[in-house]
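Step one of this worksheet: look at the structure below.
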Amino acid sequence: MSKNNLRFSPNLGIKPANDLEVRSSPKLMQRKDINPLNLHDDEPKVMFLSNCGMSVDLEKYHFINYIYKMDYPAVDDCLKQIVSNPQKVAEKLQVIRFHQSNTGKLNAVLNEYMDKDTVSKINEHLYESKITSQNFKPFFHDGAFRVFVIHDYLEDDGNVLYIVFYDPYHLIFPGREEVKNYSSEKNAMSLSRISIDDKYHSKVQEDLIRDFDGLIKKSN
């Protein structure tokens with residue numbers, strides 16, 4: 001898989017006057033007057049960071065995104081939608097506002113996927129997307145499955161969303177049931193868990209996968 005250079009523009013959703021050239025390490029430009037992504041103006045292209053299918057288990061933060069080896073219809077349905085039609089990720093987006101109550105846990109998960117310098121600079125560039133299983137309601141409530149993405153603007157492609165990681169059980173912001181939900185999912189999986197990468201990502205189109213120098217955190 002080829003390496004790529006990553007460009008982040010200072011104005012999201014608007015063609016920048018000057019692009020930030022990035023060579024060995026990507027950088028994010030921060031501005032107070034940053035503009036949010038406007039999907040009505042330009043539907044973004046969705047791409048996959050090369051390690052976004054990696055699953056992690058962070059007991060300290062009560063977060064797990066391994067999935068079941070056996071078929072688990074609602075989660076499987078959401079993942080199949082994303083792999084077969086990545087543009088689903090662009091349909092229900094909400095910008096993530098970093099604040100004291102979510103920073104520690106969210107940063108801990110992001111640090112599993114990206115280098116720490118980049119994580120510290122993605123405020124205002126990070127979005128979550130709600131994915132709904134149309135075939136398994138009401139057993140799987142609307143939007144429980146989340147996908148976390150970074151928004152960028154490229155001169156050749158326009159708006160781009162890079163998938164960073166999946167939250168199939170909505171454990172990044174689960175509210176009061178945080179510990180209970182984490183324990184329930186982990187116990188239910190027992191020894192029958194598998195990474196999203198191993199179960200689904202072999203089906204992702206190769207030309208939609210990006211592996212950026214200095215951005216992707218390499219596994220040990």
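The residue among I122, M189, L93 whose Cα reaches farthest toward the positive pole of the charge dipole of region 45-218, with charges on the beta-carbon of Lys, Arg, Asp and Glu, is M189. Once C-alpha pairs closer than 8 Å and six or more residues apart are averaged by separation and normalised to the residue number of region 45-218, the relative contact order reads 38 percent. Checked against a 23 Å cut-off, the cross-linked pairs K92/K116; K121/K180; K80/K130 give Cα-Cα distances beyond that limit for K92/K116; K121/K180. Treating r as the C-beta distance of E91 and V56 and R0 as 22 Å, the FRET efficiency rounds to 0.30.
If r is the Cβ-Cβ distance from K116 to Q205 and R0 is 35 Å, what FRET efficiency results, to the nearest 0.05? After rounding to 0.05, the efficiency reads 0.75. Computed from point charges on the beta carbon alone (+1 for Lys and Arg, -1 for Asp and Glu), the dipole magnitude for region 45-218 about its Cα centre is near 600 Debye. Computed from the C-beta positions of A188 and N123, the FRET efficiency with R₀ = 35 Å rounds to 0.55. Taking 7 Å steps out from each Cα toward its Cβ at M70 and S195 produces label points 2.4 nm apart.
Quick note: the coordinates plus some simple rules give every number you see, no bench work behind them. Keep in mind it's a predicted model, so treat the numbers as computed, not measured. No Cβ is skipped: glycine too gets one built from the backbone with ideal geometry, and neighbour counts run over all protein chains shown.
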